[in-house]
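Participant: Can you keep this structure in mind? I'll have questions shortly.
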C-alpha cells in the first residue's frame, strides 16, 4: 500500500521535523544577521533573515572591549582547569568504585555518593563552606565546588564495570597495580566515555553562572556568563564605548554580537563529539 | 596475588588481607571522597545554622541556638504561600507541557527512514541543550523587548498593541516553560530514541500483516514498548516537583513579576546573600529540600506499588 505514493503521513512528518529544525535555528540565524547588519537596517527593524548592509563593526567593538576580552580569558582558564581536575578525580574515583567485589566498604562509599544526588546543603551553607575554606574570590571557588558530580561518577563507573576481568587479571600477572591497569589497559579503550564526560564538563564550566556569580567579587575574575548577564540582561553598556549617534553600530547589534561570540566555541565543538556522546549518554541512561 | 592460597584464619586477618588488596583502589577514590565531603557533606552539616542565629563574627559553633524560630518566621511571612505556590506551579506546568514533548518528537523521528536526514534533525535539535541559561535568557530579553524585539514586531504586524512581556506577571510562566521546551525537547528525546531502537522489528512486521496502519503501530507497539522508560523518567520528574533551579528563575524575573516568578530558591538568595539573613535563608532552603525528598520517596513508592518500576 505504502509505496511511491506520498502519504499524508510523510507530509506531516516532514512538516513537523522541518518546523523543529527551523524553530531551533532561526533565533541563531537572526542574531547573526542582526549583528552583521548596518545601523539603519537594525534600527528600522528590517532584519528578518539575512543581514542587510553586511559589516563587522559590531564584532570589532566587542573584541575591543577589555571587559569581554578578560572574561573570555577567564572562562577559558576555568574551563581547562576545571575539566582537567574534574576528569582526573572522576576517572580515578569511578574506576575505584567499579571494583565492587574487591573494594572494602564498597556499600558505604557507594551510599555516600548516591545520597548527594537526592539531598544537599543548599545555597547558603555551601557558600559558607566555600568562605570558610578561604576560596571566595579565587579561581578555586569557580572550579572546585562543581568539579565532581555523583551522576558523572555513576555513569563512568557503569562504563568501567563492562571492562573484561580477564584482561585486568592479565595486567596483574604482568605486574601492574590498579593504577597501571587503569592507565595502560582501561583508558585506551575508553575513548567514548572520556570524550563525552570531558565535553559535558567543559560545557558545564563554560556555561556556569551561579558559582562565579555567588563566589566572585573581583570584576577582573568574572567569566563570560556573568559579564553577558550584565551587558545583555541588565543592559549595562560596553566598556570605553559610547554608543551614540555617531558610532556606526547600534546597541542591539553589539548585544547580539556578544551573545554570538559567547556561544560560538560550544556550537562548533559539540557536533564533532556527537557520535561519542550518543554512546556515552546511552551507557548512562540505560544502566544508571 | 601470589599468596591467595594462604587464607588468613581470623576475621581480622581476612579484613587486613582485603584492605591490602584494595589499597590502590582506596588511594584512587580518596580525592573523590574528599570532594564529596568538602562540597556536599560539609554544607549538609552547615544546615545546623537553620536552627541557630548565625552571625559571621561568632561562626558556625558559637552562634546561639534558636530552635524552629526561622521556620515559624517563614510560615508567618505574608508571601510564604506565594513562594510555595509559584515553585510548585512552575515545575508542575513545565511537567505537563514539557514532559510529552520529547516523547512525541522521538516517536515521529523514529519513523524517519532517511538516516542522514534523521541525523541532521538530531544534531540541530540537540544544540539548545548546550547553550547556557544566561544566553537563553539573553535571547528572550532581546527578542521580547518592547522597543526593538522581533516578537513585538510580529505582534504589531498582526495588528495588536506591543506587549511588555518581561514585566507582565502573566507572561512569566509561558516564557519560562516554552523556552524550557525549546531547550530540552531534542536532548530529552535521546533516551526515548534509544528505547525505540531496541524494539524488535518483527513486531512491526507482524502488525503490518495484520493490517495495522502507522498510527496504530505507534499506539500499540511503540508506546507500550517505551512505557517503562516513560514511567521511570516521570517518577524522577514528579520527585522534583518542588525543586525549581535558582538560575533561570533568577535571570528571567524582575521585581514587577514576583507575583508569579518569585520561587523559593530566588527568595533564599535574596534573604541569604543580599539581606544577610543566612540562618533564615538556610531554614527555607532546608524546608524546600525536605519537601523534595518527600515527593521523590512517595513518587517512587507509588510507582513500585503500581508498576513494579522503581529507582531503588
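Participant: If I ask for residues that are facing chain A (nearest Cβ under 7 Å) and assigned to a helix (DSSP H, G or I), which ones from the range B:127-142 would you list?
Facilitator: Keep residues of the range B:127-142 that are facing chain A (nearest Cβ under 7 Å), which gives B:127-128, B:130-135, B:137-139, B:141-142.
Within the range B:127-142, B:127, B:128, B:130, B:133, B:134, B:135, B:137, B:138, B:139, B:141, B:142 qualify.
Participant: Scan the range A:29-41 for residues that are under 31 Å from the mean Cα position of the chain (by Cα) and crowded, with 16+ Cβ neighbours inside 10 Å and jot them down. It would help to see each step written out before you state the result.
Facilitator: First pass over the range A:29-41, keeping only residues under 31 Å from the mean Cα position of the chain (by Cα): A:29-37.
Passing the criteria: A:30, A:31, A:32, A:33, A:34, A:35, A:36, A:37.
Participant: Taking residue B:123, is it surrounded by fewer than 18 Cβ atoms within 10 Å (Cβ to Cβ), within 23 Å of residue A:204 (Cα to Cα), touching a helix residue (DSSP H, G or I) at 6+ places or on another chain (Cβ under 6 Å) and at the interface with chain A (Cβ under 10 Å from one of its Cβ atoms)?
Facilitator: Criteria met by residue B:123.
Participant: Additional query: Condition check: more than 11 Å from chain B (Cβ to nearest Cβ), farther than 23 Å from residue A:135 by Cβ and either surrounded by 15 or more Cβ atoms within 10 Å (Cβ to Cβ) or at pLDDT 75 or above (or both). Does residue A:283 satisfy that?
Facilitator: no
Participant: Suppose we keep only residues that are more than 22 Å from the chain's Cα centre (by Cα) and part of a helix (DSSP H, G or I) within the range A:64-92. Which one would you say is modelled with the lowest pLDDT? Spell out the reasoning first.
Facilitator: Initial filter on the range A:64-92 (more than 22 Å from the chain's Cα centre (by Cα)): A:64-66.
Pick out the ones that are also part of a helix (DSSP H, G or I) and you get A:64, A:66.
Working: A:64: 83, A:66: 86.
Out of the qualifying residues, it is A:64.
Participant: Of all residues in the range B:54-70, how many are within 14 Å of chain A (Cβ to nearest Cβ) and surrounded by 12 or more Cβ atoms within 10 Å (Cβ to Cβ)?
Facilitator: Residues in the range B:54-70 being within 14 Å of chain A (Cβ to nearest Cβ) and surrounded by 12 or more Cβ atoms within 10 Å (Cβ to Cβ): 7 in total.
Participant: Check off (1) within 21 Å of residue A:49 (Cβ to Cβ); (2) modelled with pLDDT under 90 for residue B:128 and give me the number that stays unchecked.
Facilitator: Only one criterion in (1) within 21 Å of residue A:49 (Cβ to Cβ); (2) modelled with pLDDT under 90 is unmet by residue B:128, namely (2).
Participant: Does residue B:157 count as within 12 Å of another protein chain (Cβ to nearest Cβ), more than 30 Å from the chain's Cα centre (by Cα) and over 22 Å from residue A:250 (Cα atoms)?
Facilitator: Judged against the criteria, residue B:157 is a match.
Participant: Restricted to the range B:92-113, and to residues that are under 14 Å from residue B:195 (Cα atoms) and under 24 Å from the mean Cα position of the chain (by Cα), which residue is farthest from the other protein chains (Cβ to nearest Cβ)?
Facilitator: Selected residue: B:103.
Participant: Can you pull out the helices (runs of 4 or more DSSP H) entirely within the range B:177-266 that have at least 2 residues that are away from every other protein chain (no Cβ under 14 Å)? I'd like the intermediate steps shown before the answer.
Facilitator: Values: elements: B:201-209, B:214-217, B:223-239, B:246-252, B:258-261.
Answer list for the range B:177-266: B:201-209, B:223-239, B:258-261.
Residues checked against (1) surrounded by 20 or more Cβ atoms within 10 Å (Cβ to Cβ); (2) in contact (Cβ under 8 Å) with a residue 12 or more places away in the chain; (3) not assigned by TED's automatic domain parsing to the domain that holds residue A:181:
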{"position": "A:92", "(1), (2), (3)": "yes, yes, no"}
{"position": "A:96", "(1), (2), (3)": "yes, yes, no"}
{"position": "A:113", "(1), (2), (3)": "yes, yes, no"}
{"position": "A:121", "(1), (2), (3)": "yes, no, no"}
{"position": "A:131", "(1), (2), (3)": "no, no, no"}
{"position": "A:137", "(1), (2), (3)": "no, yes, no"}
{"position": "A:145", "(1), (2), (3)": "yes, yes, no"}
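Participant: Hey, another quick one. Could you check the range A:93-113 and list, in sequence order, the residues that are within 7 Å of chain B (Cβ to nearest Cβ), in a helix (DSSP H, G or I) and within 14 Å of residue B:22 (Cβ to Cβ)?
Facilitator: Across the range A:93-113, the qualifying residues are A:93, A:95, A:96, A:97, A:109.
Participant: For the range B:267-290, state whether one or more residues are farther than 18 Å from residue A:127 by Cβ and surrounded by fewer than 18 Cβ atoms within 10 Å (Cβ to Cβ).
Facilitator: Yes, that holds for at least one residue.
Participant: How about the range A:1-34: which of its residues are in contact with a helix residue (DSSP H, G or I) (Cβ under 7 Å, 6 or more places away or on another chain), more than 8 Å from every other protein chain (Cβ to nearest Cβ) and at pLDDT 90 or above?
Facilitator: Result: A:32, single match.
Participant: Quick check on the range B:149-163. Is at least one of its residues in contact (Cβ under 8 Å) with a residue 60 or more places away in the chain and assigned to a helix (DSSP H, G or I)?
Facilitator: No, there is no match, as no residue in the range B:149-163 is in contact (Cβ under 8 Å) with a residue 60 or more places away in the chain and assigned to a helix (DSSP H, G or I).
Participant: While we're on this one: Quick one: would you say residue A:236 is at pLDDT below 90, closer than 21 Å to residue B:166 by Cβ, outside any helix (DSSP H, G or I) and in contact with a helix residue (DSSP H, G or I) (Cβ under 8 Å, 6 or more places away or on another chain)?
Facilitator: Spelling it out, residue A:236 is indeed at pLDDT below 90, closer than 21 Å to residue B:166 by Cβ, outside any helix (DSSP H, G or I) and in contact with a helix residue (DSSP H, G or I) (Cβ under 8 Å, 6 or more places away or on another chain).
Participant: Applying the selection to the range A:247-264, what residues are closer than 18 Å to residue A:229 by Cα and at the interface with another protein chain (Cβ under 10 Å from one of its Cβ atoms)? Before the answer, list the steps.
Facilitator: Going residue by residue through the range A:247-264, those that are closer than 18 Å to residue A:229 by Cα are A:251-264.
Of everything in the range A:247-264, those that are closer than 18 Å to residue A:229 by Cα and at the interface with another protein chain (Cβ under 10 Å from one of its Cβ atoms) turn out to be A:251, A:252, A:255, A:256, A:258, A:259, A:260, A:262, A:263.
Participant: With respect to residue B:73, determine if the residue is in contact (Cβ under 8 Å) with a residue 24 or more places away in the chain and closer than 30 Å to residue B:185 by Cα.
Facilitator: It is false that residue B:73 is in contact (Cβ under 8 Å) with a residue 24 or more places away in the chain and closer than 30 Å to residue B:185 by Cα.
The values are calculated or read from the model by the stated rules, or taken from the named source; none is laboratory data. Everything quoted here is computed from the prediction, not taken from an experiment. Glycine also receives a Cβ, built like all others from the backbone with ideal geometry; neighbour counts cover every protein chain displayed.
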